[in-house]
1. So, in Å, what gap is there between the alpha-carbon centers of segment 403-423 and segment 477-510?
2. When averaged across all projection directions, what area in nm² does the alpha-carbon convex hull of segment 147-302 cover?
3. Run lengths n ≥ 4 of DSSP H only: what is the helix-derived mean residue ellipticity at 222 nm for the chain, with -39500 (n - 2.57) per run over all residues, to the nearest 500?
4. Give, as a single signed number, the net charge of other residues whose beta carbon lies under 9 Å from the beta carbon of TYR342, with Lys and Arg counted +1 and Asp and Glu -1.
5. With θ taken as phi - 60° and the coefficients 6.51, -1.76 and 1.60, list the Karplus ³J(HN,Hα) couplings across segment 489-506 in order, rounded to whole Hz; mark glycine and proline as x.
6. Could you let me know the centre-to-centre spacing of segment 545-621 and segment 297-342, using Cα atoms, in angstrom?
7. Taking a threshold of 27 Å on the Cα-Cα distance, which of the pairs LYS343/LYS644; LYS343/LYS618; LYS399/LYS553; LYS88/LYS186 fall above it?
8. Quick one: TRP721, TRP248, TRP360, fewest Cβ neighbours within 10 Å first, how do they rank?
Amino acid sequence: MKAGRRGLSGSPARAGLTALVCLLLAFQAAGQDKPTEQGAPPASQAPKVQVPETKPAGLEAPITILAHEKRWEKNRVFATGNVEIHYKDIKVFADQLEVDTETKDVVASGNVTVQLPNEVINAEKIFYNLDSRQARFEEAVGMIEPSVFYRAAAIEGTGRETLNLTKASLTTCAQPTPRWQFSCSKAYLKKDDYVALWNALLTIKKIPVFYWPYLRYPLNRERATGFLMPQVGYSGVKGIFFGEAFYWAIARNMDATFEADYYSNKGMGGGLEYRYLFNGGTGGEARVYYFHFKPGQSVDDSPDAYIFRLNHNQPLPLDFRLVSNIDYQSSFDFLREFDNNYKRAMFSNFRSEAYITRAWSRYNFSVRASRYETLYQDIDDSIITYYLPQAVLNAFKIKLFSPLYFSFNTSFTSWKYGWRGEYENRQERHYNSVGFNPTLSLPFSSIPWLTVNSSLSSNLVYYGQSLAPGTRRIINEPIMQFNYVFDVDMTGPVLFKIYQDSQGENKVKHLIEPQLNFRYDSPVSQPDRIVTAYGFFRYYQLSYGLTNRLIVKRDMPREILTWGIGQTYYLDPENSPLSYYDYKDKVLRFSDISSYLRFYPFGPYSIDASFGYNPYFKMLSFVRLSGNLNSYDSPFFLSVNWFKSMNPYYEDILGDRQQVGIITRLKPARLPIEVLYDIDFNILEREILYTGVGLVYHYQCLDFQADVRVFNYRDEPELQWRVSVGLGNIGRSTDFMGGIGF
């Protein structure tokens, strides 16, 4: 939450405003009860005298003075008794007043009130210039709309938009006794922008809470530069936690947040988040975080850890576009032990890439550099894949003559693959290749209930490196490989039935869509010499399935239910992806039966489910189920995710996994609270991997937030709690290593 804006108030300001309203409503009554000086008749018999509204030379607006008594000395007017001055958009009320009609200087005392279009100031005595707005207020209280309240022993008005306050207090609470306020030795207030405070002391319900030598509080509703409210907490593993952030509103199109974290047992960290948006569509954000461990406290052998994340999108000349997405960290262990976002901390696949692309007519060109890393925590090692670079030029469906189309794909690839240790020993797999893939396609859709797409393509690939015959050793001996691919994809015959309501109007449509795909890859001459990650597979197979769709018509037709099921039969099982698996020395021809279900009815409900069934072991290989009720921003939100997975071929090595996760948010309409809950449970081990409970309490002009989290998946289980407070326009410090929803 960035530094926002609002205003400030104190109890004296509230009292002063109330007095002002009463004063304005009681002018006439006061005049009737108060006699004038020197035995003058009562106000009921001697009404206020108004200065003639003559406009002196060079004056753009007249000065109107209303009072029970007044006298003139050249350009000076002395007035007493319910005095009012009206000049342009300024009104001054006082018990007695002196004004110089030439210089526009005003000296007023006794219940003085100055009314401006968006501001009211009450004081015991003022010195004020109606034109320049140069002023001094003594023992003053004030309000700036909509809710900035302040008081000070003295206020110096340095212009129309700025004030200097001495021995001041400020708040945005409108209660007679404010819930919180800042007290300071001096302050500089720039209207509709910010107030800078020196030696600022924050009190909540008259209890001193925090001290800043310097604090900048935003007053406007737009983004504003300043410190955010700190976070404090404690962890049995990391010790006392303190986090503070500074938000910098650089310009309307960019901002930055600087963050500092301190863990008493572990060390210190700092982060930067920079967001930007420029004309023409260039935009993105960059996030950097660095942590320095205390001696002997690092999670690995390095005393430092860092994270870098970047999302960037930029148009280039000639209609090209640059896109980059980088997610890099120096240590998976650091991410696991410090990232409070459970979903991110447990995610073991990281992708970084940058590419330049351009599309025109039926052509597409792209150049990409990328890095992929997958961590295997059980063996504490990771597989890293590089494409440095990969360039592709495609042409899609160029019509030769009806109904024949021509497409092609050309590519250059520089590829590396291997375990982290293989890279360190320069034993990773690598090759450079150039490929050309022309395709002739023949679509058929003349029959409404049947769609058939047939294609014939060839693959011509030149590999700059290859495997030495009979070994896994890479040598700089190029090879050329050629084969062709025949593919037929058919959907249909499509069957459907329409259901009508009692008035005979079509309401529900049920479709059944069979699918059949046949693919034949011709053999290549030297498959055992091609450098690959796992092996060279030949896709000679038949895939078949069935899809059910349920479409409901209300205002517009909407598909509310989709259910599909499918399987693949391998015609060349010795060279298929299943050739790496073994089951009782059988040749495996059938893949798992896979199915998926999507149910999105009208209303705030949704269900997604999928499963896989192994026909050899006669067991479920995986099941995934997720359901949502409402959106996250609704008063009540619930999300449930459950999955179970097992590789039956490598059961002893990979084992079984079964977990359930629940995220819920509750914000009652009439209660000032918000409750957040997140839990992930290992069903097999009967262990809570992670749970977090967050509570936000909105107390008038204050927001209290507290959360408690338990991390059982970390090397050393950790219980952590944190608290923070939101004050009007000052948001809470962001948590770079934060969790979802908290």
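Here, each number is a calculation from the coordinates, and none is a lab measurement. Note that the structure is a prediction, hence the values are computed from the model and not measured. Note that we place each Cβ from the backbone using ideal geometry, even for glycine, and neighbour counts take in every protein chain shown.
1. 29
2. Working: hull surface 52.8 nm².
Projected area, direction-averaged: 13.2 nm².
3. The helix-only estimate for the chain comes to -1500 deg cm²/dmol at 222 nm.
4. Details: positive: LYS343, ARG344, ARG709; negative: ASP339, ASP678, ASP680.
Result for the neighbourhood of TYR342: 0.
5. Listing the rounded values in order: 10, 10, 10, x, x, 7, 10, 8, 9, 10, 10, 10, 8, 5, 8, x, 8, 5 Hz.
6. So the separation of the two Cα centres works out to 35 Å.
7. On the way: LYS343/LYS644 17 Å; LYS343/LYS618 32 Å; LYS399/LYS553 37 Å; LYS88/LYS186 31 Å.
Violating the 27 Å Cα-Cα cut-off are LYS343/LYS618; LYS399/LYS553; LYS88/LYS186.
8. Ordered by Cβ neighbours within 10 Å, fewest first: TRP360, TRP721, TRP248.
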